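Asker: Just passing along the structure, written as structure tokens.
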Amino acid sequence: MKISKAHIWDYTLTACFFLLGSIYLLFTIALLICDFTYIKPEFLHKIIAQEEIRYALKLSLFSSSISAVAALLMAVPIGYILTRYNFRGKSAVEAILDIPIVLPPVVVGLSLLLLFRLMPEKLSFAVIYEVPAVIIAQITVITAFAVRITRAVFEQVNVRYENVAMTLGCTRWQAFVKVLLPQVLPGLISAFTLCWAKALGEFGPILIFAGATRLKTEVLTTSVYLELSTGNIETAVSIALVMILFSSLILFIVRKYGKGLNREAAV
Amino acid sequence: MIRSENLCIKCGNFSLSNISFTIPENKWGILMGKSGCGKTTILESVCGLRKIRTGKIILGDTDATGFHPLERNIGYVPQDTALFPTMTVFENIAFPLRVRKWKNDAAAARVGEIAGLLGIEKLLGRSPVNLSGGEKQLAAIGRALAFSPKYLCLDEPLSSLDEDRKEDLFVMLEKIKKSINVTTLHITHSQTEAERLGDIILILKDGKIDAK
């Protein structure tokens, strides 16, 4: 078979892309190998048994779950409105909703601190440097991501399904619950898990708004920071491993349920 | 009767003005016109899915202009059928009955009756994802007829089918026309379709409607 100049260009491009992709792939694998080989498994058990770390783990799991639910409760209506309605000022609303994504995390934390300083004293004391601050900081950042995901999820479903449902006897609410929601459910599960993972890894706003008090507002990310700052690298790596395990579990769920997203496209 | 009186619709840069037509009771009205001339827009306005600027939609003796789609008693079959992919064909056809809180036995009997009329009994347990174009159209027509609507709106039901399937569905539409008393607004490009099925043919051209 004759290999033309065009073929050579095709092969070169494919080889270059493979090479560039492989660099990042190997880099990611190297990161994980380093983490997993740095400490012995028995040390990991010892670390997880520590009261402070167990508290941080519990608070991380609890706050991430609450934040992801709250973010989705806000993101679903926003995503629905942005994909189903046109109104004046829509692009301004979209831009404002994107702000928490582009703001530096520390600025989000600082802004939250300033906002809650203006609130009534009782509320301010109950939130700042307390557990609610951890949840509010997470919600502030992840809701913006949740809105982006829910928008993409709703955009995949043609509005005609709801229109037909309304001619068949549904109110808009019934069309949403009976027709749209079952179709977007896999996407919403993916959105929930991604937001949960993002909340679990949040650090900057939590440090500023909730502080890093042991057995009070310490989450896993702040634990890594506190242990590193005192030179306990093994402990920091152990906590990092716990976070890697949870993130991997999330990735598995997203890949499993995310596949259902394009089912409607075949109809 | 489906009547449109001086209908004006605007969506984006596209607009239609002073659209008037009448499809008498229990007649099959065909709306023809070139692609992009606004046929689907008119049909969606009749169904209450598109806001109109001025004019009236009269259904029977009632001014239905401000009515919610669910109050119009119209069975609507869009061009892409929009069968709900998370439900089986049975569940799709039973959907309008479940919304109306029919009992399971009565709903199942009605679905069986509709499936018998359309010859789709074997498809009831299948997902719409696994149906051919013609089967999807039949299932969507079945769903639209399940709640015995007074009016039927069909948006190019035969356009995506090959010739053999088209003929089968033609025969089925003729059967529906003979056996069910329903006032129909049917959009098509095809002259043959219009001549075989239409009691009244409406031609949309340059934003105006001529009736034949």
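The values are calculated or read from the model by the stated rules, or taken from the named source; none is laboratory data. All values derive from a computational prediction rather than experimental measurement. Here the Cβ positions follow ideal geometry from the backbone for every residue, glycine too, while neighbour counts run over all protein chains shown.
Asker: Would you mind finding the one in A:F62, A:F87, A:F116 that is over 30 Å from A:V177 (Cβ atoms) and either crowded, with 17+ Cβ neighbours inside 10 Å or not hydroxyl-bearing (S, T, Y) (or both)?
Answerer: Details: A:F62 fails: over 30 Å from A:V177 (Cβ atoms); A:F87 fails: over 30 Å from A:V177 (Cβ atoms).
Within the list A:F62, A:F87, A:F116, the selection yields A:F116.
Asker: If we scan the range B:130-140, do we find a residue that is in contact with a strand residue (DSSP E or B) (Cβ under 7 Å, 6 or more places away or on another chain), away from chain A (no Cβ under 14 Å), closer than 23 Å to B:F95 by Cα and at pLDDT 90 or above?
Answerer: no
Asker: Can you confirm whether A:L181 is modelled with pLDDT of 90 or more, in the same structural domain as A:K46 (by TED's automatic domain parsing) and under 21 Å from A:Q50 (Cα atoms)?
Answerer: No, not satisfied.
Asker: Has the range A:85-96 got any residue that is touching a helix residue (DSSP H, G or I) at 6+ places or on another chain (Cβ under 7 Å) and part of a loop (DSSP other than H, G, I, E, B)?
Answerer: Checking the range A:85-96: not a single residue is touching a helix residue (DSSP H, G or I) at 6+ places or on another chain (Cβ under 7 Å) and part of a loop (DSSP other than H, G, I, E, B).
Asker: Kindly provide the set of residues from the range B:62-95 that are of a type in the set (S, T, N, Q) and part of a helix (DSSP H, G or I), ordered by number.
Answerer: Step one: of the range B:62-95, the residues of a type in the set (S, T, N, Q) are B:62, B:65, B:73, B:79, B:81, B:86, B:88, B:92.
Passing the criteria: only B:N92.
Asker: Between a first residue in the range A:43-68 that is under 20 Å from A:A199 (Cβ atoms) and a second residue that is surrounded by fewer than 15 Cβ atoms within 10 Å (Cβ to Cβ), which pairs have beta carbons less than 6 Å apart while being 6 or more apart in sequence or on different chains?
Answerer: Cβ pairs passing all conditions: A:Y55/A:L215.
Asker: Hey, does the range B:88-96 have a residue that's facing chain A (nearest Cβ under 9 Å) and surrounded by 15 or more Cβ atoms within 10 Å (Cβ to Cβ)? Spell out how you get there, then give the answer.
Answerer: So the first thing to find is which residues in the range B:88-96 are facing chain A (nearest Cβ under 9 Å), and the list is B:95-96.
From the residues that got through so far, the ones that are surrounded by 15 or more Cβ atoms within 10 Å (Cβ to Cβ) too are B:95-96.
The answer is yes, given that some residue of the range B:88-96 is facing chain A (nearest Cβ under 9 Å) and surrounded by 15 or more Cβ atoms within 10 Å (Cβ to Cβ).
Asker: State all residues of the range A:52-74 that are of a type in the set (G, A, S) and either within 18 Å of A:A146 (Cα to Cα) or touching a strand residue (DSSP E or B) at 6+ places or on another chain (Cβ under 9 Å) (or both); if no residue qualifies, say none. Lay out the reasoning, then the answer.
Answerer: So in the range A:52-74, the residues of a type in the set (G, A, S) come out as A:56, A:60, A:63-65, A:67-68, A:70-71.
Correct list: A:S63, A:S64, A:S65, A:S67, A:A68, A:A70, A:A71.
Asker: So, one more: Out of B:S15, B:S45, which single residue is of a type in the set (S, T, N, Q) and assigned to a helix (DSSP H, G or I)?
Answerer: That would be B:S45, the only listed residue that is of a type in the set (S, T, N, Q) and assigned to a helix (DSSP H, G or I).
Asker: Scan the helices (runs of 4 or more DSSP H) fully inside the range A:165-224 and keep the ones with 1 or more residues being without any contact (Cβ under 8 Å) to a residue 40 or more places away in the chain and either buried (at least 24 other Cβ atoms within 10 Å of the Cβ) or within 14 Å of chain B (Cβ to nearest Cβ) (or both).
Answerer: Helices (runs of 4 or more DSSP H) meeting the threshold: A:172-175, A:181-200.
Asker: Quick check: is even one residue across the range B:65-82 over 16 Å from the mean Cα position of the chain (by Cα), at pLDDT below 95 and either among the acidic types (D, E) or farther than 19 Å from A:W173 by Cα (or both)?
Answerer: Taking every residue of the range B:65-82 in turn, at least one turns out to be over 16 Å from the mean Cα position of the chain (by Cα), at pLDDT below 95 and either among the acidic types (D, E) or farther than 19 Å from A:W173 by Cα (or both).
Asker: If you take the residues of the range A:125-162 that are surrounded by fewer than 16 Cβ atoms within 10 Å (Cβ to Cβ) and in a helix (DSSP H, G or I), which of them is nearest to the chain's Cα centre (by Cα)?
Answerer: Across the range A:125-162, the extreme among qualifying residues is A:A152.
Asker: If I ask for residues that are surrounded by fewer than 19 Cβ atoms within 10 Å (Cβ to Cβ), more than 10 Å from chain A (Cβ to nearest Cβ) and either touching a helix residue (DSSP H, G or I) at 6+ places or on another chain (Cβ under 8 Å) or under 14 Å from B:S148 (Cα atoms) (or both), which ones from the range B:97-118 would you list?
Answerer: B:W102, B:A106, B:A108, B:A109, B:G112, B:E113, B:L117
Asker: Quick check, is B:S132 within 16 Å of the chain's Cα centre (by Cα) and surrounded by fewer than 16 Cβ atoms within 10 Å (Cβ to Cβ)?
Answerer: Criteria not met by B:S132.
Asker: Still on this structure: Of all residues being closer than 21 Å to B:L197 by Cα and touching a Cys at 6+ places or on another chain (Cβ under 8 Å) in the range B:29-46, which is surrounded by the most Cβ atoms within 10 Å (Cβ to Cβ)? Just the residue, please.
Answerer: In this case the residue turns out to be B:V46.
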